Every structure is written in structure tokens, then in C-alpha cells.
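Participant: Got a structure for you, written out below as C-alpha cells; questions coming shortly.
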């Protein structure tokens, strides 16, 4: 498998492959008002995917080829563009057989242009729209499962915990130290509590839907007052409120504040406002805390998927799945640490 991954990366970096995708891009740009004005430039080459920037007579366009584990993103873009066109970039072209995606330029990211109060104000404007996207996509859960999104809905999470624990145990056995071993024992002892949380979340308000799973300012584009959400390769099916784990964690990190800072609370409440009709504010907040606590296991699994593609136990991020899994030991639902 390691050789297969390396072969995939070698292929993505080869002149022959670049020639092939260039011809494909040219063919599909010919159906628009755009035409290529220079050679595609590879801006990302990772085991989990590659991205090329393609200059055109107008704005650049972006070619993306996800790895097999996240190739669902290509079909997901088609679904998103059809069901939530105001919040995503409509693909210029997709190729489901090859797993190729051609996107227009989204402009600067929110992380590039907004800071301080502007950053919070803009998030508070975007998150209710994202929440509405989740509500709009809830009837399409089966279609998203068919595309290949992983089932992280509350009822599936006890089994997902076991999956994550098994994989993390293997890493700790081969590469961890005594501190990691102790942490692993504490996580194992927490399983019964985690299963109980999952049962509670099943009974709470909120219909399972898509969770972007990496929704932060660097994945939100801004152009002429329009905001679009990009990079759906980490997406899963989950309780919708699970999305707040990464988003609010990023707000804390970006502003260097605690989970109870007014800015964090304001962003959380702006998102939850879209669900006001289904429960009281108190119940929505409690559900959000529970969903975020459970979503730490989801994050561990998403990291494991990325690291599995990398096939490198010495990867500087190799401990991240353990860190996220150990987050369930912390009563703070937004803290991934133990």
C-alpha cells in the first residue's frame, strides 16, 4: 500500500500526468468564456490529493484530484452546487470516473481579510447560511452515503470509537511512550461514558446531515460580498452541531480566548439561531456541547484517514489521532487535549 501511495504521488507529479490533465482542462474550459494562458502549476502534492492552479484570461481556475479515500468530494460538489448553490463554488467541470474536479477561483479567504471584530461579524453572517445548508441537505443523507461519505451519525459512533481506539492502540504500541500507554488506558475506561453520550445525542434535536468537519476561516472564500465554503474532503455525515467543534476551536485559537469568551459564544449562538424552532436555547446549547464532545472521535478518524494515506509513522502529525481521541477525557467540549 505504501508503494501504491508513492506511485500515486509520483504519477501526480509527472510530466505525463500534467500533460493529460492540461488537455482535460483545456477541453472543459473551451465550453466556457475562459482559456488557459499558461502552464498549470502544482500548488499542493499530498498523499491525500493534489491541486493545480491554472492561469486563464480571467481569474485562475483550480484543478483537484483527491486520493481514493476522499474522492467522494467530486460527486459531493455536484450535489452541493445543485442543492445549496449560494454557499459553494459551482464546479466548472467534474469527472466522476477519474475523480477530477475543476473549480473557479473563490477569491481571498476569510482568514486573509478579516481580523478581530470583523472576523467574528463575518462568521456570524456565514454560519446561519451553513446551518441552512445542513438542513437543506438532511433529506439527501442516503445520496451522500452512496457518494462515499463516512457515517458518523450518533448511532454509528460507538463502533467508530472502537475503530479509532484500535488504530490508535496500534500506533501507541509501535511508537508511543509510557505516557501514551497510560492515556490509552484512560481512554478505554471512558468508552462506557462515550456510548452513553451517543445514546443521548440520538434523542436530541437536530436531523443528521453533512458536517464539513474542517470549517474554519481558511476554508471560507469571500468575493464581492459573497461567501463560499470550500475543501469538502473531510466531510462526514453526523449530527449537524458537530461542525462547531472545529469552527469554535478555530475562533478560540485565532482570537486567543477561552471557550467562554463572548466572541466564541456569539459565534456559537449565531449558528444555533438557525435551529431555534426545534428546541429551546438551553437544549440547543446542551446538544451542541454533546455533539462536539462526540465529534472528537470523528476528528481522530479523519486524521487517521489522512495519515493512512501518508504511510509515515514519523509524520509530525502522527500523534494527532491520539490527541483528539483523548479529548473525550476533557469536560470542555471544545478542547481536544486531555
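Participant: Which pairs turn up if I take residues in segment 101-119 that are at positive phi and look for partners that are surrounded by fewer than 16 Cβ atoms within 10 Å (Cβ to Cβ) and in a strand (DSSP E or B) with beta carbon separation below 9 Å, at least 6 apart in sequence or on another chain?
Facilitator: Matching pairs, first to second residue: 107/223; 107/226.
Participant: Kindly list, by first and then second residue, each pair from a residue in segment 75-87 that is under 14 Å from residue 141 (Cα atoms) to a residue that is part of a loop (DSSP other than H, G, I, E, B), limited to pairs with Cβ atoms under 6 Å and residues at least 6 apart or on different chains.
Facilitator: 75/96; 76/232; 80/88
Participant: What are the residues in segment 132-143 that are within 16 Å of the chain's Cα centre (by Cα) and closer than 19 Å to residue 294 by Cβ, if any?
Facilitator: 134 - this is the single residue of segment 132-143 that is within 16 Å of the chain's Cα centre (by Cα) and closer than 19 Å to residue 294 by Cβ.
Participant: Taking segment 200-211 only, how many residues are farther than 17 Å from residue 274 by Cα and in contact (Cβ under 8 Å) with a residue 12 or more places away in the chain?
Facilitator: Residues flagged as farther than 17 Å from residue 274 by Cα and in contact (Cβ under 8 Å) with a residue 12 or more places away in the chain within segment 200-211 amount to 3.
Participant: Return a yes/no flag: does segment 105-117 have any residue that is part of a loop (DSSP other than H, G, I, E, B) and touching a helix residue (DSSP H, G or I) at 6+ places or on another chain (Cβ under 6 Å).
Facilitator: Yes, segment 105-117 has at least one match.
Participant: Same structure again: I'm trying to understand the selection: among the residues of segment 150-205, which are surrounded by 18 or more Cβ atoms within 10 Å (Cβ to Cβ) and within 17 Å of residue 333 (Cβ to Cβ)?
Facilitator: Scanning segment 150-205 gives 152, 154, 157, 161, 187, 194, 197, 198, 201, 204.
Participant: Is it the case that segment 213-231 has a residue that's surrounded by 14 or more Cβ atoms within 10 Å (Cβ to Cβ) and closer than 23 Å to residue 162 by Cα?
Facilitator: yes
Participant: Another one. Do the conditions hold for residue 298, that is, is it surrounded by 15 or more Cβ atoms within 10 Å (Cβ to Cβ), under 19 Å from the mean Cα position of the chain (by Cα), modelled with pLDDT of 95 or more and at negative phi?
Facilitator: Spelling it out, residue 298 is indeed surrounded by 15 or more Cβ atoms within 10 Å (Cβ to Cβ), under 19 Å from the mean Cα position of the chain (by Cα), modelled with pLDDT of 95 or more and at negative phi.
The values are calculated or read from the model by the stated rules, or taken from the named source; none is laboratory data. As the structure is a prediction and not an experimental result, all values here were calculated from the model. When we count neighbours, we look across all protein chains shown, and the Cβ atoms used for this are built from the backbone with ideal geometry, even at glycine.
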